[in-house]
1. If I model a spin label as a point 7 Å beyond the Cα along the Cα-Cβ vector, how far apart are those points for ASP30 and GLU16 in nm?
2. Using just the Cα positions, wrap the stretch 6-61 in a convex hull and report its mean projected area in square nanometres, one decimal place.
3. Considering only protein heavy atoms and a 1.4 Å probe, what is the carbon-and-sulfur percentage of the accessible area of the stretch 10-61?
4. With the other protein chains left in place, how much accessible area per residue, in square angstrom, belongs to the stretch 1-43 at a 1.4 angstrom probe?
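The values are calculated or read from the model by the stated rules, or taken from the named source; none is laboratory data. If you're wondering where the values come from, they're calculated on a predicted model, not measured in any experiment. Because the Cβ atoms are built from the backbone with ideal geometry, glycine has one as well, and the counts that use them run over all protein chains shown. For the accessible areas, the whole protein counts, side chains as well, though only heavy atoms, and no ligand, DNA or RNA atoms are used. Shrake-Rupley method; radii C 1.70, N 1.55, O 1.52, S 1.80 Å.
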Amino acid sequence: MSLRDLRLKRGLTQQELGDKVGLSQGRIADYETGRFQVGNMTLDVALRICKALRVSNPKRLLEESDSLKEKTTGPGDS
């Protein structure tokens with residue numbers, strides 16, 4: 001499940017999630033669209049997002065990051 005899906009499942013806007021975790025709405029959007037990779041966020045930010053979204057396993061956020069990476073890169077891209 002993507003970060004966006006998790007956020008929507010909890011009924012939060014990007015702004016509301018950002019306020020809960022101390023990030024801007026724009027940064028949340030960057031993570032959701034893959035402009036900034038979820039896998040590259042600090043552990044502190046990842047844990048705050050997991051807590052805000054009530055995700056017990058941070059691996060779910062990292063798996064989403066991997067699937068976004070696969071969608072945005074083609075064969076031979078690295």
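1. Between ASP30 and GLU16, the label points sit 2.4 nm apart.
2. If you wrap the Cα atoms of the stretch 6-61 in a convex hull and average its projections, you get 3.3 nm².
3. That share works out to 48 percent.
4. Using a 1.4 Å probe on heavy atoms only, each residue of the stretch 1-43 averages 58 Å².
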